[in-house]
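**Student:** Can you read through this structure? Questions will come right after.
A short reminder: the numbers here are calculations on the coordinates, not readings from a lab. Only a predicted model underlies this, so the values are computations on that prediction, with no experimental measurement involved. FYI the Cβ positions are ideal-geometry reconstructions off the backbone, even for glycines, and counts take in every protein chain you see.
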Amino acid sequence: DAKTTQPPSMDCAEGRAANLPCNHSTISGNEYVYWYRQIHSQGPQYIIHGLKNNETNEMASLIITEDRKSSTLILPHATLRDTAVYYCIVRLTNTGNQFYFGTGTSLTVIP
Amino acid sequence: DTGVSQNPRHKITKRGQNVTFRCDPISEHNRLYWYRQTLGQGPEFLTYFQNEAQLEKSRLLSDRFSAERPKGSFSTLEIQRTEQGDSAMYLCASSLIGGGVEKLFFGSGTQLSVL
């Protein structure tokens with residue numbers, strides 16, 4: 001599975017949009033992009049996934065570039081409860097290959 | 001509560017002792033994963049089961065570690081002769097294959113401290 005590169009930390013003002021980037025330049029055509037987040041002392045939580053098209057759900061939006069070499073997770077109106085570590089993962093779905101988490105981006109939402 | 005349940009939440013043990021953790025997945029989920037996480041790092045894959053079959057093991061899973069999933073339901077992870085380097089959060093996750101794109105659902109983990 002392709003590996004990802006994320007900035008180690010980011011800050012965002014409460015109420016503003018948080019834009020978390022991820023580079024996955026070696027992604028293959030069948031690999032999905034997943035985002036998970038981990039709030040302190042909890043297990044990771046699924047946020048969203050996508051293959052080629054941009055996706056939106058109740059938690060976030062996922063923007064994938066046309067060449068699929070990078071993506072951005074957008075939290076449209078960040079709250080203090082969004083403070084967490086965010087992991088970008090690329091993976092062939094349903095193959096049983098492990099989800100490789102990396103070290104993620106630690107997002108701090110500032111009041 | 002229909003989420004993934006892990007017990008115990010915390011375990012303190014002395015070096016050399018054996019410990020066992022339990023994971024109860026979401027009902028009818030056919031895959032179950034074990035991960036380990038140390039401070040400041042992301043979760044690291046240890047092993048996974050599809051139903052009762054253990055299909056993959058990481059090189060991190062030394063011969064002191066053993067995992068089982070009898071009858072394809074709950075799973076146990078045993079660490080024999082614990083070492084201080086085993087201190088970590090042990091996370092369990094489950095998923096359903098055949099229900100669309102695979103999504104992992106994690107428990108809250110078992111925090112192991114080896115003294």
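**Student:** Counting only trypsin sites (Lys or Arg not before Pro) that sit in a DSSP loop (anything but H, G, I, E, B) with at most 15 other Cβ atoms within 10 Å, what is the longest stretch of chain A containing none of them? Could you put the intermediate results ahead of the total?
**Tutor:** Numbers: sites that count: A:Lys3, A:Arg16, A:Lys52, A:Lys69.
For trypsin sites (Lys or Arg not before Pro) (loop position, at most 15 other Cβ atoms within 10 Å), the longest site-free span of chain A is A:70-111.
**Student:** Still on this structure, please answer the following. How high is the FRET efficiency between A:Ile110 and B:Leu60 when r is their beta carbon distance and R₀ equals 41 Å, given to the nearest 0.05? Please report the intermediate quantities before stating the final value.
**Tutor:** Details: r = 36 Å, r/R0 = 0.88.
Approximately 0.70, to the nearest 0.05.
**Student:** Still on this structure, I have one more. What is the local net charge at B:Arg15, summed over the other residues whose Cβ is closer than 14 Å to its Cβ (Lys, Arg +1; Asp, Glu -1)?
**Tutor:** Numbers: positive: B:Lys11, B:Lys14, B:Arg64, B:Arg81; negative: B:Glu83, B:Asp86.
Result for the neighbourhood of B:Arg15: +2.
**Student:** Report the dimensions of the protein assembly as shown along its three principal axes from the alpha-carbon atoms, largest first, rounded to Å.
**Tutor:** That works out to 49, 39, 34 Å along the principal axes.
**Student:** Taking just the alpha-carbon atoms of chain A, what radius of gyration and Dmax come out, in angstrom?
**Tutor:** 13.2, 42
**Student:** Give a quick list of GluC sites (Glu not before Pro) in the range A:14-59 that DSSP marks as loop, anything other than H, G, I, E or B, with at most 15 other Cβ atoms within 10 Å.
**Tutor:** A:Glu14, A:Glu58
**Student:** In whole Å, how far is the Cα centre of the range A:1-52 from that of the range A:62-111?
**Tutor:** First find each Cα centre; the distance between them is then 1 Å.
**Student:** Out of B:Leu60, B:Leu46, B:Leu91, any idea which swings most in a Gaussian network model of chain B, alpha carbons joined below 10 Å?
**Tutor:** Residue with maximal mean-square fluctuation among B:Leu60, B:Leu46, B:Leu91: B:Leu60.
**Student:** At a temperature of 10 °C and a viscosity of 1.306 mPa s, determine how fast the range A:56-106 diffuses translationally according to Stokes-Einstein, using the Kirkwood radius over alpha-carbon pairs as Rh; express D in µm²/s, rounded to the nearest whole number.
**Tutor:** On the way: Rh = 12.9 Å.
Answer from the Stokes-Einstein relation: 123 µm²/s.
**Student:** Tell me, what HN-Hα J-couplings in whole Hz come from the Karplus equation 6.51 cos²θ - 1.76 cosθ + 1.60 at θ = phi - 60° for each residue of the range B:39-56, using x for Gly and Pro?
**Tutor:** For the range B:39-56, the Karplus curve yields 4, x, 10, x, x, 10, 5, 10, 6, 8, 10, 10, 6, 9, 8, 7, 9, 8 Hz.
**Student:** Relative contact order for chain A: what is it in percent, counting Cα pairs under 8 Å that are at least 6 residues apart?
**Tutor:** Working: 272 pairs, mean separation 41.2, N = 111.
This gives 37 percent for chain A.
**Student:** Quick query: amide H of B:Glu102 versus all other amide H atoms, modeled in the peptide plane; which residues come in under 5 Å with a sequence gap of 5 or more or a different chain?
**Tutor:** A:Asn94
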